[in-house]
Amino acid sequence: MRYVSTRGGAEPLGFEEVVLTGLAPDGGLFVPERLPHFDAEQLRELQGRDYRALAVEVMAPFVGGALSDAELRALVERAYAGFAHRAVAPLVQLGHNEWLLELFHGPTLAFKDFALQFLGQLLDLLLARRGQRAVVLGATSGDTGSAAIEGCRRCANVDIFILHPHGRVSEVQRRQMTTVLADNVHNIAVEGDFDDCQNLVKACFADRVFLPEGRLLVAVNSINWARIMAQIVYYFWAALALGAPARQCAFAVPTGNFGDVYAGYLAARMGLPVARLLVATNANDILHRCLTANDHSRRPLVPSLSPSMDIMVSSNFERLLFDLYGREGSAVAELMERFRTTGRFSLSEEALAGARTWFASERVDDEGTVATIAEEYRTSGYLLDPHSAVGVAAARRWRRDPALPMVALATAHPAKFPEAVRRAGYPADPPLPSHLADLHARPERYEVLPADLEALRRHIAAALSQGRG
Ligand SMILES: *Cc1c(COP(=O)(O)O)cnc(C)c1O
């Protein structure tokens, strides 16, 4: 399997290089040159597999020759061994033909564990084979950092540095990062906001001379192809459980960077009978405006009760644009350039029509989020987290055909976001699951640094020279 850049100006690469590279040299994102396809008979054969066996079948064609079947199987086993539910991704019924796909049983209680547990294992194996070490560097406003740290904490060949804005992430989220005391894990609280963190990370990627010779620098943000790939699996899992290939279903996906719902789109393109993908946004609604009013324009960030979806621009949308424009990299490059200079673009009639054959969208603000958490708790006793509530609310607004199974993705556990849950009238902070019950008593370790590139580089270099590396 080869991967091409969405901007058409980079050499195609194999799986291993794509995982270790992140962004393509022309600024684009890597996508598979051709998608594998599963016909009805092949889908029937996949029915009844457990999650791990299914993951191997769905991901194997993307990996191509880069891993043996046995290696892939071992990676998947290790990646999902730490999930606290035997089914890995259980489906829970909320109403008539209405389902919730619980994706929060991983170690950090959010769906990002599906991708980052796998990616950590994958990096370690690829690096061991090459006899190399890597630095994983990222910025987080919440969920990504803890999932990346959990994914890498046991990696012998990885040192991970995660920047978070000092005093601006929730206590649960900070503690999920800073209580991991492994030698290769480095938490840095930056005296600044999330943008400062991101700019520091970008500057490090742009000039890598501060790293020891031969050390790779790897990004684990949602543009990394391996993350998308691992997320395709649970769409197959849910649709097969609900009767695919004989029966269609629709998915409602709480969306920020468009990584998760893009994985669902790929699953549909691979032959899964998906009736529609519902893009559920909070007040940061660039995708909803694009799909409904053809207005893809940057607006100021609105802090919401579902902070992991607070984005101004959805980076993975570029991967969809590539398909909408007939896989013409030059057309995508032009759109992205227009966006960079003017802060907006609109789609061609044809591209917009194409998008609407796969996607619909709804925007759910904080009020709708809180009302949905409250209503669901009152009627069924089920406690939704605010991100999952955006998906459920969107699904209920959009749905017209009660015969069509509707699956809303539950992307986080409610204990991660006590504020929204309290506002919905829940009388206490929702309890953390047992493996995290003592989180607030665990010792923390992190370094506070100014928002200064030189200080960060010195810190990383010093940590690497003292550590195992
Ligand atoms: C990251 C995240 C999202 C958004 O996912 P994207 O792939 O960026 O669209 C939604 N919910 C939760 C809980 C998240 O952590």
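Calculate the FRET efficiency for residue 380 and residue 302 from the Cβ-Cβ distance with a Förster distance of 41 Å, rounded to the nearest 0.05.
The calculated FRET efficiency here is 0.85.
Can you tell me the alpha carbon radius of gyration of the chain divided by the globular rule-of-thumb value 2.2 N^0.38 Å?
Relative to the 2.2 N^0.38 Å estimate, the chain comes out at 0.92.
To check you understand DSSP bridge types, tell me what percent of the beta bridges within the chain (both residues inside) are antiparallel, rounded to 5.
25 percent
Roughly what would the spin-label model give for residue 465 and residue 441, points 7 Å off Cα along C-beta, in nm?
4.1 nm
Which order, highest average first, do 173-186, 86-99, 143-156, 253-266 follow once you tally other Cβ atoms within 10 Å for each residue and take the mean per peptide?
On the way: 173-186: 20.4, 86-99: 16.1, 143-156: 24.4, 253-266: 26.3.
Ranked by mean Cβ neighbours within 10 Å, highest first: 253-266, 143-156, 173-186, 86-99.
If I take every Cα pair under 8 Å that is 6 or more residues apart in the chain, average their sequence separation and divide by the length, what percent do I get for the relative contact order?
19 percent
If you average the C-alpha positions of region 1-56 and of region 180-207 separately, how far apart do those two centres end up, in angstrom?
The distance from the Cα centre of region 1-56 to that of region 180-207 comes to 29 Å.
At a Förster radius of 22 Å, what calculated FRET efficiency corresponds to the Cβ-Cβ distance of residue 357 and residue 289, to the nearest 0.05? Numbers along the way, then the final one.
Details: r = 19 Å, r/R0 = 0.85.
E between residue 357 and residue 289, to the nearest 0.05, is 0.70.
Between residue 73 and residue 275, 0.36 nm times their residue separation minus their Cα-Cα distance comes to what?
69.7 nm
For a test of the definition: using alpha carbon positions, the gyration tensor, and the 1.5 limit on a/c, classify region 134-203 as rounded, prolate or oblate.
Values: a/c = 2.20, a/b = 1.31, b/c = 1.69.
In terms of gyration-tensor shape, oblate.
Calculate the FRET efficiency for residue 342 and residue 193 from the Cβ-Cβ distance with a Förster distance of 30 Å, rounded to the nearest 0.05. Please report the intermediate quantities before stating the final value.
Working: r = 25 Å, r/R0 = 0.82.
Taking R0 as 30 Å, the efficiency between residue 342 and residue 193 is 0.75.
Let me check I've understood the local charge: for residue 89, count other residues with C-beta under 14 angstrom from its C-beta, Lys and Arg +1, Asp and Glu -1. What total comes out?
Residues close to residue 89 contribute a combined charge of 0.
Beyond 23 Å, how much of the Cα-Cα pair distribution for region 351-456 remains, as a whole percent?
Cα-Cα pairs of region 351-456 separated by over 23 Å account for 48 percent.
Report, in whole Å, the centroid distance computed from the Cα atoms of region 392-469 and region 106-171.
Measuring centre to centre over Cα atoms gives 13 Å.
Mind checking the full-extension length gain between residue 53 and residue 93? Use 0.36 nm per residue of separation minus the Cα-Cα distance, one decimal, nm. Working shown, then result.
Numbers: separation 40, 0.36 × 40 = 14.40 nm, distance 2.37 nm.
Stretched fully, the residue 53-residue 93 segment lengthens by 12.0 nm.
Mind ranking 278-290, 11-23, 361-373, 63-75 by how tightly packed they are, going by the mean number of other C-beta atoms within 10 angstrom, highest first?
Ranked by mean Cβ neighbours within 10 Å, highest first: 278-290, 361-373, 11-23, 63-75.
Among residues other than residue 129 whose Cβ falls under 12 Å from its Cβ, what is the net charge (Lys/Arg +1, Asp/Glu -1)?
Local charge sum for residue 129: -2.
What accessible area per residue, rounded to a whole number of Å², is obtained for the chain using a probe radius of 1.4 Å?
Spelled out: the 1.4 Å probe surface of the chain, per residue, equals 39 Å².
Per DSSP H run of at least 4 residues, take -39500 (n - 2.57); add these up for the chain, divide by its residues and hand me the 222 nm value, nearest 500 deg cm²/dmol. Numbers along the way, then the final one.
Working: 18 runs with 206 residues, N = 469.
Computed mean residue ellipticity for the chain: -13500 deg cm²/dmol.
The values are calculated or read from the model by the stated rules, or taken from the named source; none is laboratory data. In this text, all values refer to a predicted model and were calculated from it rather than measured experimentally. Counting neighbours? That spans all protein chains shown, and the Cβs are built from the backbone with ideal geometry, glycine included. The accessibility values were calculated without ligands, DNA or RNA, using every heavy atom of the protein model including side chains. Shrake-Rupley method; radii C 1.70, N 1.55, O 1.52, S 1.80 Å.
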